[in-house]
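We did not get these values from a lab; they are worked out from the coordinates using the rules stated. Just so we're clear, the structure is a prediction, and the values are computed from it rather than from any experiment. Note that each Cβ is placed from the backbone with ideal geometry, even for glycine, and that neighbours are counted across all protein chains shown.
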Amino acid sequence: MFLKVAKFEFRYQLRNPLLWIAVLLFAVLVFAATISQNSIGMPQRVEKNAPFKVAQLYMALSGLYMFVSAAFVANAVVRDQETGFAPLLLTTAMAKSPYLLGRYAGALLAIAMSFIAIPVTLWLGTQMPWVDPALFGPNHMAAYLMPFLWFALPNLFVPSALLFALAVLTRSMVATYVGVIALLMFWGGATVASQSGGNGLLTAYIDPFGLAALAQATRYWSPNELNTLSLPVYGVVLWNRLSWIAVGTAFFALAHARFQFAERVPREARHRSIEVQQAGTVTMVREGAAKAFPRIEPHFGHATAWTQMRARTRLDMVQIFRSPAYLILLMLGLIFSLTGLRNLDLAWGTPSLPVTRLMIQLLDDRFKLIPLVIAIYYSGELVWRERDRNIHEIIGATAIPDWAYVVPKVLSLALVLISTLLVSMVGAVAIQLFRGYTQLELDHYLLWYLLPNAVDYVLIAILAVSVQAISPHKIVGWGGMLIFVVSRSALPMLGLEDHLYTYAQGPTVPLSDMNGHGRYWIGAWSFRAYWAAFALLLLVLSHALWRRGAETLLNVRLKRLPHRLAGQAGGIAAAAIIAFVGLGAWCFINTHVWNAYRSSRDDDRYLSGLERQLVPYEKTPQPAIAMVRVNAELWPRQQKLVANGTLDLVNRQTAPLTEVHLRMRSRDTEWTALSVAGATLAKDYPGFQYRIYRFAKPLAPGAVARVTFTTIHHQMGFRNEGNDVSVVDNGTFIDNFELLPAIGMDRHGLIQDPDKRRKYALPELSPASVNDLSATRFNRLRSDWVKTDISLTTDADQTPIAPGTKIADGIMNGRRTARFISNVPILNFFSLQSARYKARHILHKGVDLTVYYDARHARNVDRMLAGSANALDTYHSAFGPYQFRHARIVEFPAYRGGAQSFAGTFPYSEGLGFIADFRDKTMLDYVGQVVAHELAHQWWGHQVIPADMPGASMLDEALAQYSALIAMQRSGGRDEVRRYLRHELDAYLSTRGFETAEELPLSQVGNQPYVYYQKGELAMYRLRNVLGDKRVNAALKRYLYRFGSHTARYPRSLDLIAEFRSNASPRENELITDLFEKITLYDIRTIAAKVSKLPDRRYETILTVEAHKYHADGKGKETEALLKESINFGLFAARPGPGSFDVQNVLSSQSIEIHTGVQQIRLIASVKPSYAGTDPFEIPIDRNSDDNIIATTG
């Protein structure tokens, strides 16, 4: 009987059109993703058909497939009751087990077979002749089959079992779809909560889809391992899969236990039956009694229509508000959002204060799914309610105009969606109050969150109702809305990013505490008005095409459309069309005429054209800038900056120069006047703002030529996306590369992604070799040492800031002008800033330390000043004197992140440290670390700057990271450094797999932040622990003295490495090679630690350790190397974790020479240790530091 039921169900589901629609939809998505240049999942450089990527694809799509599974498995249960077949089943001898197992097995088999379309389509995509073969590896059946067995099938079984159980328990499709959302919210909420707490292992166990488990097991895998190794179906992955299969089985068992063949009677019907039985008799109305009722004269005026609309709106709203599904969805969304708001904007484990701006941004990121689901689901329920209850013919015959059907449904749905926004806002405010933050800024919640999202949700509600109004079935309408939702993410991947045709979307509105939402709201609200006009047209069409009574065919309603649009409806439609066209023209003028429309593909085409035409000039000898004079006029409220000035160029070549090349790097700045004394324009590339001027008389060595320019940085109106964030009302921050002409061509800013370079037929990037001394004539900024004379004029209520010493500052006619002159040569790399600042100063050993900050962000200013003083003292002692009499930290809006280091000036984002929450005293002082890093660049970048060649970032970024570490150790102790470096080690190892090209050793590093930041500081800190700080700092001093402020030759990474090798032993030289010239990884695993008490009452611990050393190539392929090094091992009273671990917890520490393989180590301590292993204060780059230390036994 089981097989017969299963076969029947399987054949029934195969005839379900939804099955084939889902197959087609998912097949098209997978095929498009396969043949495109875009990566499927992450990391990008992993082949699309590698087992890891295939598994990622299965897991991601199986989450979306739950919506399909819900329709199948729930239908298998509720179908009999909906079709009236259930009473017939009661008359048969059908047993419960064959019935349930058969129905479920048939539906699950249909789901699994339909899912097979995904691997088939993926394989088919790899065979297309036009695809880039570099995106794929060899096709192996196991790469498709193993992920299907271990990930796809369990991910289809577990949700379907849960949904099947819900359908059995509730006999409701609504409850089933709520279950889908609940499972998605559980997964998302668990992920957010565990990641916020830093516990990725917890997520790995509780993730129902296995994505987190696979990510945890492969978090340190290299691209080579991800491409070649089989999936790690062991450890956490195996436990995750087996535990969730058990959960799915338990759900099915629950469904089996609670299922009854008896037809369920609604509670209201049961109550009515009891009342009738108790009454015993039924009172009949006599035939003549009807005459007693008064005659009612119907009226069909405007008052009646409005009464009908209010009544129907109330009816539709009550249906949603009283629906348990709505309450459950709302609570799920709120819980999910609040979970994400629990730890805000973590940086090195330290949260930010719950400022309103952050709360709004997080709500926008995390809560929007719930209103979208409510809009899609309830639009179908509202539109199809009468037909589902078989009363559509009765309702259709009533004297109610069609608009009184459409408008109430849209209005009620919109009000419900707005209620969800209010609930989420209340939740965010509650979190703020719970965390002791009382600056609630309710006006920001209203203007930045509630109003814009309310309009957006009304637009979605209108679209959802309109789609349902023309759909032949509500499931088709849901499918149409699902396609709409997917298209919002898919269209940008296809280069279709214009908001003129992407419904209900507009330019992003960045938020800032300093500058609010600036003028960015104008573009967003213009597009909202544009799409609101279109939505009004949709509303009129929905009214005109509304189905009444028994009519269902769309073509019949279309034939009546002209008649239905005659009169008031047609007038409204015409007004909507006029508004739509007019607003569209306004948006078009802003985004395509006043501002160039640029999609991501347009940007790539621009860069590829620039490279083809201008890179040939890269090595053309050019004069250097020696003096910069600028008079800058800033109008903050107009977001306009005009710069007039001169550049004095000097020929530092050994031969005369016949031409000079001038370039405007920023596409947002135009030069309105440009001339070169003694030269004429020889060639112009206006599309790239690149000009070549030829000297009438060649510029002799040592001779000077003057460039005179006027540039303007001003954005008219608004753009489609990417509005200018440099020049703003309060918080202008612009550097000279954005504002002033630059000299010559270089490779900065070119397309780096290898896939895109192949797509545009660009040659492989081949940077200069570290042994090419000819490349040392250029520094990495292509900028020489200059003197500056800068005047910056702004509004009187703002503070202008530029590099150098301020020699004048005055206000005239409502404008404030300050003049700055550099006393010493600086790099031609500086910024101009202006805002309504408060300032706090301290004079520290002759240096004016200042923080310019927004009045609301004073909390961490003293911490920044203390960090600056500590860093100055550390670096003065270690490396030499600071070259300026001032050090200015200057806040800028959170439209951009991070911090930078210019000459004596340090722009610092309001989102990075000004709102960091240090009420928990155990948190890492990352604010001080960032300040120390940027201040260190005054030595490594501003006193000595590397040549423009591979390894340059080792000489400035890695050294700045190392300098910040020793400043951190000076102020916070070794334990703070230990906790920080543990975080950095994990960041380095987990980022290696995301490399887009190939990893390079530090001495050759290019644009690879995880190498020059994380690995750089780890390598330098280990070198310091082995050589000692005196030897390392002495080498740095020699390097600084040799190359500081010199222009004859800029240093290479090999120059610094040579200083490290000075007087180094052979063993130390081998370590230096491993740290800087190779990619070296260790695998030191403590297998056992047995403690025994000695006769002298001390404790002996025998450690069994297995150790290996590997050298890796750029793709991550590892080769074992001979290990014979000294590593510190220790005995500990507590386990070194993310929290505090003091040196006092180290009972014993000893440097032990270890070798490749298994060995035993003997350590003695006066106190019995609880843990043993490698010294946590000595951090080698270990492939898995989790197994370095274990608990002792004995």
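Estimated from helical segments only, the mean residue ellipticity of the chain at 222 nm is -14500 deg cm²/dmol, where each DSSP H run of four or more residues counts as -39500 (n - 2.57).
Scanning the chain for long hydrophobic helices, with DSSP H runs required to stretch 30 angstrom or more by C-alpha along their axis and to average at least -0.5 on the Kyte-Doolittle scale, returns 173-196, 236-258, 403-434, 520-544. Enclosing the Cα atoms of the range 309-594 in their convex hull gives a volume equal to 157 cubic angstrom per residue.
Annotation: extensible slack from residue 230 through residue 307 equals 21.0 nm (criterion: 0.36 nm per residue apart, minus Cα-Cα distance). The distance between label points at residue 335 and residue 588 comes to 5.0 nm (points 7 Å beyond Cα on the Cα→Cβ vector).
Each of 424, 101, 554 was scored by the projection of its Cα onto the charge dipole of the chain, and the greatest displacement toward the positive side belongs to 554; charges sit on the C-beta of Lys, Arg, Asp and Glu.
Among the listed options (1) 34.6; (2) 40.1; (3) 37.6, the one matching Kirkwood radius over Cα pairs in Å as calculated from these coordinates is (1). Dividing the convex hull volume of the alpha carbon atoms of the range 503-655 by its residue count gives 218 Å³ per residue.
Each Lys and Arg contributes +1 and each Asp and Glu -1, all at the Cβ; summed about the Cα centre of the range 1078-1194, the dipole is approximately 300 debye.
The share of alpha-carbon pairs in the range 1078-1194 lying farther apart than 25 Å comes to 24%. Ranked for footprinting exposure by Cβ neighbours inside 10 Å, fewest first, 1020, 425 give 425, 1020.
I'd like the chymotrypsin sites (Phe, Trp or Tyr not before Pro) in the range 687-761 restricted to DSSP loop residues with at most 16 other Cβ atoms within 10 Å, sorted by number. Present the calculation step by step, with values, prior to reporting the outcome.
Values: sites: 688, 690, 693, 695, 709, 718, 733, 737, 760; in loops: 718, 760.
The qualifying sites are 760.
Suppose R0 equals 51 Å. What FRET efficiency, 1/(1 + (r/R0)^6) with r the Cβ-Cβ distance, do residue 1045 and residue 1191 give to the nearest 0.05? After rounding to 0.05, the efficiency reads 0.40. Annotation for residue 15 and residue 451: the two label points, set 7 Å from Cα along the Cα-Cβ direction, are 5.7 nm apart.
Hey, with R₀ at 22 Å, roughly what FRET efficiency would residue 490 and residue 130 work out to, going by the Cβ-Cβ distance, to 0.05?
Numbers: r = 20 Å, r/R0 = 0.89.
That pair, residue 490 with residue 130, gives E of 0.65.
Placing a label point 7 Å from the Cα of residue 873 along the Cα-to-Cβ line, the residues of the range 959-1002 whose backbone N sits under 13 Å from it are 967-973.
Need the full-extension length gain, residue 619 to residue 797, defined as separation in residues times 0.36 nm minus the C-alpha distance. One decimal, nm.
Working: separation 178, 0.36 × 178 = 64.08 nm, distance 4.61 nm.
Between residue 619 and residue 797, full extension yields 59.5 nm more.
Each Lys and Arg contributes +1 and each Asp and Glu -1, all at the Cβ; summed about the Cα centre of the chain, the dipole is approximately 1800 debye. The residue among 1000, 1036, 1073 whose Cα reaches farthest toward the positive pole of the charge dipole of the range 985-1102, with charges on the beta-carbon of Lys, Arg, Asp and Glu, is 1036.
How high is the FRET efficiency from residue 1064 to residue 824, r the C-beta distance, R0 35 Å, rounded to 0.05? Before the final figure, lay out each step's value.
Values: r = 35 Å, r/R0 = 0.99.
The computed FRET efficiency comes out at 0.50.
Residue 318 to residue 141: extension gain in nm, 0.36 nm per residue of separation minus the Cα-Cα distance? Intermediate results must be reported in sequence, preceding the final value.
Numbers: separation 177, 0.36 × 177 = 63.72 nm, distance 5.41 nm.
This chain segment gains 58.3 nm when fully extended.
Placing a pseudo-label 7 Å from each Cα along the Cα-to-Cβ vector at residue 761 and residue 998 gives an inter-label distance of 2.6 nm.
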